[in-house]
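The values are calculated or read from the model by the stated rules, or taken from the named source; none is laboratory data. In this text, all values refer to a predicted model and were calculated from it rather than measured experimentally. With ideal geometry, Cβ positions are generated from the backbone for all residues, glycine too; neighbour counts draw on all protein chains shown.
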Amino acid sequence: MRTPGRFTGIDMTTGQPSPVLDVRGLRVAFDAGRGRRTDVLHGVDLTVAAGECVAVVGASGAGKSVLARSLLGLAGEGGARAHVTAERLALAGRDLARASQRAWRQVRGRAVGLVLQDALGSLDPLRTVGAEVAEPLAVHRLAAGAERTARVETALADAGLDRPPVRRRQRSEELSGGMRQRALVASAIVTAPPLLVLDEPTTALDATVAVGVLDLLARLRDAGHGLLLITHDLGAVARVADRVVVLDAGRVVEQGPAASVLTSPASDAARGLLAALPRGPKPVPRDEPTGPPLLEGRGLRRVYPTPAGPIDAVRDVDLTLHAGESLGVVGESGSGKSTLARLLLAAERPDAGEVTLAGTPWSAAPERQRRGRRAFVRLVPQDPLGAMDPRRSVGRILRDAGAADDSAVVRLLASVRLEPATAGRMPRSLSGGQRQRVAIARALATDPGVLVLDEPVSALDVQVQAGILDLLATLQRERGLALVLVSHDLAVVRRTCDTVVVMSGGEIVERGPVERVWARPEHPVTRALLAAAPALP
Amino acid sequence: MRARLLGVAGWAALAVVVLLLLAVAAPDLLAPGDPDATDVTASLHPPGWGHPLGTDELGRDVWTRVVHGARSSLGVGLVATTIGVAIALVLGLAAGLGPRWLSTVVARIVEILYAFPTLVLALLLVAVRGPGLAASVLAVGIATAPGYARILRARVRGVAVSGYVTAARLEGAGWWRRLTRHVLPNTLWPLVVVVTLGIGQAVVWVAGLGFLGLGALPPAAEWGAMLNAGRVYLTTAWWLSVGPGLAITVTAAALTVLGRALGRVSPS
C-alpha cells in the first residue's frame, strides 16, 4: 500500500509535525429566507494527524454531515446558501478558509477524498468501476494511459477488491453492496490524498460486510492516511477510531481518545448515544410459550427466477410463532429473511409448503378469504415512507388502515407517542423516527395479534432506534402482541426477542432462545454475525 | 403556500386561460358583434378605433372573429385532447393493470399509432368524412392518444407495485378499493399536468389542419382557417394574420406555462 504523497506532514517553518486537517472556529450558517440565517455549526475546532482516525459522532441534526461537506468546500451544495467562516481551515498545510470555488476544485479528490454512505447512488451505473475510480486522476491530470490503469488497479486492490483487472471492467450493478463501498473507497484513495472524509461509510452495509470495510479503513490509517469518520455507529468508532469528537447542536462538546470517551463519557450527548445502543438481553423475558401455535410455516419454499437460473430464496423452512412470542429473524442481506416475512404475511404464495394462521389455512386460502383476516397479521415495512400514499395525510392513512374515527386516530398516535397534530401532516414532512412510529400505529389500527417488522430500525440512528425498540417492547407487553422481527442486527434482536432463527442461503441454520444463541452460537454464520456486532465495553 | 408556488407567470397564464374559457363560454361578453356580419364599406381597415384588430376583406371585425373563434379552436383543442385521453385511459390502464399478453398487444397498438403521421391520419379521415372540424378533431385526438397511453401505462405500473399499494393490499383492501383510492389518484394527477400542456399542442395542431384546409371551412371563424384566409393579404393587410396568429400563440403559451407551473406544484 502506498503512503500518501506530496504532503510531508512536517510543518516547513517549524519543523514540527503538522496535522493533515487543522480547523479552528468553523462556523456554518444557512440562509433561512427573508434575510435570516440558521446557524448549524458554532465554531468547531478539529484536527486530524497523518495516520490517525478521528471519529465525529452525534445524534441526527448535530451537524455531522454539514461538517463533512464544509471540509470539502461543499457546504452550500444541495439546498440553501451556506455561509462558511473559519479562523483556520487548513488541509494538508494549505489554508482554505477563504478559498475560491476554483481553489477547492484543485483540492477535492487530491488533498482530500470523500466517501459517501450511498454507494449505489455515488457510482454512475453506465460507467465502469475503473472509469469511476480513475476520475480523480483524470480531473487532476495526475496519470494517463497505462499508468492510470495501473494506479486504478492498485487502488482497487488496496481497497480490498479481489481481481482488480476484472472489477475494473465491471459496472456498479454487477457488484454487491460491500464491493461498491470498496470501489468508492478506491476512488477516494486513488490519488493518495493525505485526508479521507468518510460520511457514514458502513451504515448501509450488513454487519459482516461493514466489518470488512472498517478493517480496510484501519489499514488505510496504518498506511498514513488521515481519516475523518463521520458516523452514528459507535461500534464502528470502537473498531477503528483513535480519537472521538462528540458533536451536539453544532458544537464540540467532548473530545478525547476513543477508549476513554466510549467507557467514561463526560458529556450528556456522548452518554445519550452510548445509552441508546441496543445491548443486553430483553428486559422482561417471557414465560415458555404455551397453547397452540398462532402462525405456523411448514416446509416453506420460495423460488425466484434470476438471469442465472432460478434460486431458492427460502428453502425448507419450518417456523412456529405462539401468541405473545417475540421471534427474531437474523441473517445477512440475501439470506431470505424478507422473503420469509412476506410468506408469513401471505403477501406471496410459497412454491411449496404452507403457512397456517391459528390452525386454519393462510397461505393456501384464496385472497378473498384472507382479506378479512389481514387485520390480524400486520406489517411494519422497511421503508415506511414508500408504504404511505404520498397524497394522503397521516390521519387518512390511519383511517384507511382501520381506525374508526378521528378519536381512534388520536388514540393510535398517542400509543406510539406522537402528538395528535401529526394526523394533519403529510408523511414526507415527518422525520425518519416519526415515520416509523406512524407505520407502527398503522399496523396497530386493527388491533392485530401478530406484527411482522421488516428491518424496522435499520435506517434510524441509535437514539431514535432505542425509542422505537422501547415502544415495541411496551406495546408487546401491554397488548400481548406476537412479533416477528426481521433484522441484520443481533443486538437489536437480543434486546427485543425471546427466540431467534438465523438464516443463511434461504435456510434456517440455527434456532433457539436468544440468550442461548448469543452465549453459545453453533453455526459459523451465527458466529460471524456475533463477531461483527460492536465490541463495546 | 400553493398560491405562491404557482408564481407570477403561472398566475398570468391562469388569467389568460380564464379569459379564453370566458371567450369559449360567452364570447358576446368580450365581443358583442356578429363574427360573420359583413360590411363591404369597411373592408380591410387597419387596426384602430372601433376595430382593435382591423377588418378583413369583407369588412368583418377581426377581434370579434378571433373571440368567437376561440370556441372552435380552443374547444376543438379540448375535445381533441379529451378524445386522446379517453383512448389513452382505456389503452394505458388495460396495459398497466391487465395480464401480460394484453399489455404486449396494447404496446404494439400504441407503437403503430405513434408511427402514424398525424397529417396522413387527418388526410385519411378527411377523405372518409369530408373536410370539417369533426375530422380534424378526431385526427388530432387519435394522434395524441399514444403519448398519453405510454405515460399512463408506465405510471400505472409503477404505482401498482409501489409500497403503498402493497401496504393497502396487506391491510385487506380489495382490488377496486386499491384502484380507486390509490392507483387512479396517483396516476391521474401527473397526467393533468401533461394534459394541460397537451391542450395547447392540440390547439396548434387543429389550427394547422385548418390552415391547410383540412379543418374548419370558411366562413367559420376558426383561427387556422382565418390564418389561411389572411395569407393572400399578408403583404397588404398583415393584421388579418396577426390577430389569429397571436391568439394561437398566446393560447399555447399560456397553457404551457400553466402546465409547467402545475407540474411544480403537484405532489408527485
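Reported count of residues in the range A:414-431, each being among the basic types (Lys, Arg) and within 14 Å of chain B (Cβ to nearest Cβ), is 2.
Which of the residues spanning the range A:86-125 are in a helix (DSSP H, G or I) and within 20 Å of A:SER18 (Cα to Cα)? Outline the logic, then answer.
Initial filter on the range A:86-125 (in a helix (DSSP H, G or I)): A:101-107, A:119-122.
Residue satisfying the conditions is A:VAL107 alone.
Would you confirm whether or not the range A:432-444 contains a residue that is within 11 Å of another protein chain (Cβ to nearest Cβ) and surrounded by fewer than 22 Cβ atoms within 10 Å (Cβ to Cβ)? So far as the range A:432-444 goes, no, none of its residues is within 11 Å of another protein chain (Cβ to nearest Cβ) and surrounded by fewer than 22 Cβ atoms within 10 Å (Cβ to Cβ).
Would you confirm, using the coordinates I've provided, whether A:LEU228 is within 17 Å of A:VAL56 (Cβ to Cβ) and part of a helix (DSSP H, G or I)? Outline the logic, then answer.
Details: within 17 Å of A:VAL56 (Cβ to Cβ): yes; part of a helix (DSSP H, G or I): no.
Against the criterion (within 17 Å of A:VAL56 (Cβ to Cβ) and part of a helix (DSSP H, G or I)), A:LEU228 does not qualify.
Residues that are surrounded by fewer than 17 Cβ atoms within 10 Å (Cβ to Cβ), at least 1 per element: which helices (runs of 4 or more DSSP H) completely within the range B:164-268 meet that?
Values: elements: B:175-178, B:184-211, B:223-230, B:239-265.
Hits in the range B:164-268: B:175-178, B:184-211, B:239-265.
Among the residues making up the range B:224-268, those that are of a type in the set (Lys, Arg) and closer than 18 Å to B:GLY198 by Cβ are B:ARG260, B:ARG264. Remark: B:ARG65 matches the filter, which requires a residue to be crowded, with 20+ Cβ neighbours inside 10 Å and in contact with a Pro (Cβ under 6 Å, 6 or more places away or on another chain). Residues in the range A:360-413 that are among the β-branched types (Val, Ile, Thr) and over 17 Å from A:LEU451 (Cα atoms) were compared, and the one that is nearest to the other protein chains (Cβ to nearest Cβ) is A:ILE397.
Let's see how each residue does on (1) in contact (Cβ under 8 Å) with a residue 24 or more places away in the chain; (2) out of contact with any Cys (no Cβ under 8 Å at 6 or more places or on another chain); (3) closer than 29 Å to B:GLU222 by Cβ; (4) crowded, with 16+ Cβ neighbours inside 10 Å:
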residue	(1), (2), (3), (4)
B:GLY69	yes, yes, yes, yes
B:GLY75	yes, yes, yes, yes
B:VAL79	yes, yes, yes, yes
B:GLY84	yes, yes, yes, yes
B:ALA88	yes, yes, yes, yes
B:GLY96	yes, yes, no, yes
B:ARG100	no, yes, no, no
B:GLU111	yes, yes, no, no
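For the range B:160-194, the set of residues classified as of a type in the set (Phe, Trp, Tyr), within 11 Å of another protein chain (Cβ to nearest Cβ) and within 32 Å of the chain's Cα centre (by Cα) consists of B:TRP189 only. Evaluated against (1) at pLDDT below 85; (2) within 29 Å of A:ALA32 (Cα to Cα); (3) part of a loop (DSSP other than H, G, I, E, B), A:LEU72 falls short on exactly one condition, (1). Tell me, yes or no, whether the range A:167-177 has at least one residue that is free of Cβ contacts under 8 Å to residues at least 12 places away in the same chain and more than 21 Å from the chain's Cα centre (by Cα). So far as the range A:167-177 goes, yes, one or more of its residues are free of Cβ contacts under 8 Å to residues at least 12 places away in the same chain and more than 21 Å from the chain's Cα centre (by Cα). When only residues in the range B:227-268 that are more than 21 Å from B:GLY10 (Cβ to Cβ) and among the hydroxyl-bearing types (Ser, Thr, Tyr) count, which is nearest to the other protein chains (Cβ to nearest Cβ)? Looking at the filtered set, the residue picked out is B:SER241.
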